[in-house]
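These notes are about the structure you will find just below.
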Amino acid sequence: MKNLAKFLLFVLLVSAGISLLYDYRLKHGGLNLPSIRKSEKYTLASEPSVDSKQVASLETLNRERRALVSSVLPSVVAVKTSKKIGIRREYGLDPFEFFFGNQQRRFRSPRDESLVQSSLGSGVIVTNEGHIITNNHVVDQVDEIEVQLSDGRTKKARLVGADSQLDLAVLKIDDQGVKPLKLADSDTVQPGDFVLAIGNPFGLQETVTDGIISWKGRPNSTDFRGDLLQTNAAINPGNSGGPLINLRGEVVGINEQIVSSSGGSQGIGFAIPSNTVRTALESVLKHGRIIRGYLGIVSRALQSGQESSTDNEGVVIDQVMSGSPAAQAQLQPGDVIRKFNGRDVKNIGTLRNMVAQTELNKNVELEIVRDGKPLKVPTQIKEQPQDYQSSSVLPKRAPLQPQTPRQRSDEEAASSPLAAIHVEELTPEMARQLDLPDNVQGVLVTGVDPDSGVAELQKGDVIEEINQQPVTSVSDYNKIAAALEPSQPQVLSVCRHRARSFLVLRPR
């Protein structure tokens, strides 16, 4: 009882001391209590600075643009992929070890944890049955594909078919309530046309940027981008596979790549034309693969003043393949193809697209110039043979199934774009100097051979992946590079400072 009394007395003394200290600090300003202030008088603006009648056309434009965006957003999806890249073995905590120390370590059992790599792209629904178009490099060599719809629902997606040469893939989801977008006629698209780019840059779903068609088919361009639509609408990593939309809410292209020195958008983006997309889609859905028509010629661009040409439109035949439609039509080296079935052949890219988009076994008429004289020659478009590799009019079809690796010659290895890239190990010190993210792993680009067609890469870039295969050392880089097919495009994941982007390298 005496001890209880002492305890209560101690509690009372402590309480009194705390109370006195509080009163003292309160009187001398020691506590930062909020002071009582009078309310401020304020008046908000009640009228806009511009009368809506003065900007009536802009108000109308705003409403129309909202209607356009809201009508197409439900058809754009986020494409989420995952790939198992290895197994990490971990040891779980054993309760005996927790209580008794290391002598019980022998009772610990290993647990295997899968290492999964995830990535994100975009896609667009193009059929009532739920078919989706995206880029091949978004879904290439992955274990699982999901798409997230605009209403937040997530669906498992099935890969119907893909083509690495065109960088297109067709997915399918089971949902009868989808809203497809129409594929426009990209032949009618012209520089200056207004367009919207929609996708998921950096994982920000349903991002809309606007711009114009900056360029379309420069005359006699031999660069692979000669077949693509250029736009200044902002395209960033994650936009790959998303649609480029015209004023009518139609798809004029599928966003594929950018040219950038920073890794982000700098106003130079490229999209695959919708006519190319339509041909590939119908081929995959009807035949389960991309079927390419071909003429069977090796061609080159028409030079100024050649063959009595004043407008430099057309292509010159350098070689005719034996047994090909061109051979059956008795075309000859030196012939200049000026028209294909009544349509002007402006350059090699134009002819390539016309042939690719022509129905197989269809009779067509070529208008050519031979020895300065115009001629009309009938022929029939056939399917490109699987071993057909040498034509500059149509590239070799990429195999849909993996093939057994073969030993490649030095000439083939040198033709790969990767052969022009020089790399070294990425050290922690160099990562700090380049202001790279803490988790970056890859090889450091030390130089790129001039005239290699890899101008988008620059010294100081870090290559983290090749075709979604992680690169952690120069040894990894060399092994992956040695196993690649030189005639196929390669997709690099590149880190520049603190920005990441994808870069598609085409064969030279």
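Just so it is clear, none of the values below were taken in a lab; they were calculated from the coordinates. A quick note: this is a predicted structure, and the numbers were derived from the prediction, not measured. Counting neighbours? That spans all protein chains shown, and the Cβs are built from the backbone with ideal geometry, glycine included.
Observations, loosely collected:
- Label-to-label distance for Asp371 and Arg66 is 7.0 nm, based on points extended 7 Å past Cα in the beta-carbon direction.
- Shown is the FRET efficiency for Lys53 and Glu206, computed with R0 = 30 Å from the Cβ-Cβ distance and rounded to the nearest 0.05: 0.35.
- For Val298 and Lys459, the difference between the fully extended length at 0.36 nm per residue and the C-alpha to C-alpha distance is 54.4 nm.
- Long-range HN-HN contacts of Thr134 with modeled amide H, under 5 Å: Ala169, Leu171
- Cα-projected label distance for Asp143 with Asp438, points at 7 Å along beta-carbon direction, nm: 2.7 nm
- When each of the peptides 362-374, 165-177 is scored by the mean number of other C-beta atoms lying within 10 Å of its residues, the order from highest to lowest reads 165-177, 362-374.
- Cross-link pairs Lys53/Lys182; Lys182/Lys362; Lys182/Lys216; Lys83/Lys479; Lys155/Lys382; Lys83/Lys216 - those with Cα-Cα distance over 30 Å: Lys53/Lys182; Lys155/Lys382; Lys83/Lys216
- Within-12-Å neighbourhood charge of Ile125 [Cβ basis; K, R +1; D, E -1]: +2
- The H on the amide N of Ile212, modeled in the peptide plane, is under 5 Å from the matching H of Val195, Asn232, Ala233, each at least 5 residues off or on a different chain.
- ³J(HN,Hα) computed for each position of segment 38-47 - Karplus, 6.51 cos²θ - 1.76 cosθ + 1.60, integer Hz, glycine/proline x: 7, 5, 8, 7, 8, 9, 7, 5, 10, 10
- Top positive-direction residue, dipole computed over segment 295-383 with Cβ charges, set Pro333, Ile381, Ser299: Ile381
- Order by protection proxy (mean Cβ within 10 Å, highest first), peptides 348-359, 239-250, 10-21: 239-250, 348-359, 10-21
- Near the amide H of Gly253, within less than 5 Å, lie the amide hydrogens of Leu244, Ser274, all on another chain or at least 5 residues away, with H placed in the peptide plane.
- Rounded to 0.05, the FRET efficiency of the Tyr42 and Leu21 pair, given R0 = 30 Å and the Cβ-Cβ distance, is 0.15.
- Annotation: peptides 290-299, 333-342, 435-444, 60-69, ranked by per-residue average of other Cβ atoms within 10 Å with the highest first, follow the order 290-299, 333-342, 435-444, 60-69.
- Taking label positions 7 Å along the Cα-Cβ direction at both His422 and Leu9, the computed distance is 8.9 nm, reported to one decimal.
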